[in-house]
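This report concerns only the one structure given below.
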Amino acid sequence: MADDGLNIYDEIEIEDMTFDPNIQIYTYPCPCGDRFEIAIDDLRDGEEIAVCPSCSLMIRVIFDLSDLPKAETQSTSGVAVQA
Ligand SMILES: [Zn+2]
């Protein structure tokens, strides 16, 4: 897949992002006032582009798989955040 067409706003180290363990998503402040979001499962799948849902800007997350918290398989219910 070619990334050349993507509108990448910036490249952010994952350690500079905020991890929300409740919804298993990394976030980073977007200049529009919302936040870039990427799910940890997407990172594990090799996805590295976090998108802001409000303005469609994107950032590339700089990370190594070994940086990610270990997968927790015990509870996958109850936290559907899709509105
Ligand atoms: Zn935004």
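FYI, it's all coordinate maths here, none of it is from the lab. Being a predicted model, the structure only gives us computed values, none of them experimental. Don't worry about glycine lacking a Cβ; one is built from the backbone with ideal geometry, like all the others, and counts go over all protein chains shown.
Computed from backbone phi with θ = phi - 60° and the Karplus coefficients 6.51, -1.76 and 1.60, the 3J(HN,Hα) list for region 55-70 is 10, 6, 5, 10, 10, 9, 8, 8, 7, 10, 4, 6, 7, 6, x, 5 Hz; x is used for glycine and proline.
Within 12 Å, Cβ to Cβ, of ILE38, how many net charges do the neighbouring residues add up to if Lys/Arg are +1 and Asp/Glu are -1?
Working: positive: ARG35, ARG44, ARG60; negative: ASP20, GLU37, ASP41, ASP42, ASP45, GLU47, GLU48.
Net charge around ILE38: -4.
With 16 Å as the cut-off, how large is the P(r) tail for region 8-62, expressed as percent of Cα-Cα pairs? The share of Cα pairs beyond 16 Å in region 8-62 comes to 31 percent.
I need the peptides 8-15, 33-40, 62-69, 48-55 ranked by packing, meaning the mean over residues of other C-beta atoms within 10 angstrom, with the highest value on top.
Details: 8-15: 13.5, 33-40: 17.6, 62-69: 10.8, 48-55: 16.1.
Top to bottom by mean Cβ count within 10 Å: 33-40, 48-55, 8-15, 62-69.
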